[in-house]
Every structure is written in structure tokens, then in C-alpha cells.
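The values are calculated or read from the model by the stated rules, or taken from the named source; none is laboratory data. This is a predicted model, so every value here is computed, not measured. Neighbour counts run over all protein chains shown; Cβ positions are idealised from the backbone, glycine included. When the accessible area is computed, the model is the full protein with side chains, heavy atoms only, and any ligands, DNA or RNA have been set aside. Shrake-Rupley method; radii C 1.70, N 1.55, O 1.52, S 1.80 Å.
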Amino acid sequence: MIKLKSIRHTGVPVMDVDKAREFYGSVIGLTEIPRPEIRGVPGIWYECNGTQVHIISQRNGIGTHIAIHVEDFEAAKQELTAKGIEFKEFMPPPHIGNAPVLFVKDPDGNVVELRAEA
């Protein structure tokens, strides 16, 4: 079994980033945090007690997802491989992060992001 550390963030696709800012910030009361510039992907990041919520413009095709920190990135890859679960490995550009990421899909096609801590 993959050893998990914490939920890092969840990604929420929206049609209108400005309306989402009003809802998640002013109505729900999440605290907006700095977000690196991600070319062509408008959005907003929020934080609540150490867990982030990433609001992402849906027009960019990035869907709902949950990101989880794992204790051992290589062990997670080995576990997925042993269970025949396909994944894609991604290294974010330096301004977004410096730790590798794995993207897997659950049985319903929802994306789960497994990542090492930077």
C-alpha cells in the first residue's frame, strides 16, 4: 500500500474565475494565497488549515483532482506498477515546484495526483 502523508490540494474546474473568486473567497471565506503564473491556465489558489484549493479555468481541460503527498515517491511508482495501474510522471517547471508528480486515474476516471514533497 502507498504510504500517504497528507492531502496537499484539490483542484476545482470552473467556468468563470471571477465568479469563483467571489464565491470561494467572499462567501465561503477561504484565504487566497499567491499562485505562480501558469501560462494559459487562469486560476486562483486558496488555503484552509494547511490544505489548498486550486480553482482552475475549465476551458483549459484540467479537471477535478486531488493531490496527495506520499512518503516515498519511488515506492509509490513501484506499487502502482505492481498492481498494473497506469500513471504519467510529470516534473513541474521550477516556478511551480521542484518535486516530481504522478497522475493516476481512479476507476471512474477521476485524477489523483501523487507527489513528493519539495
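Quick rundown of the values:
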quantity: C-alpha long axis of helix 73-82 to longest principal axis of the chain, angle in °; calculated: 60
quantity: Förster radius 30 Å - calculated FRET efficiency between C48 and E89, Cβ distance, rounded to 0.05; calculated: 0.55
quantity: Accessible surface of the range 62-109, 1.4 Å probe, proportion on carbon and sulfur as whole %; calculated: 56
quantity: Lysines with Cα under 28 Å of K5, excluding same-chain neighbours fewer than 8 positions away; calculated: K77, K83, K88, K105
quantity: Additional length obtainable on full extension of the chain from E22 to I66, 0.36 nm per residue less Cα span; calculated: 13.6 nm
quantity: Chain lengthening between E74 and Q58 when straightened (0.36 nm per residue, less Cα-Cα); calculated: 2.6 nm
quantity: P(r) histogram, all alpha-carbon pairs of the chain included - 10 Å bins from 0, percent; calculated: 13, 43, 32, 11, 1
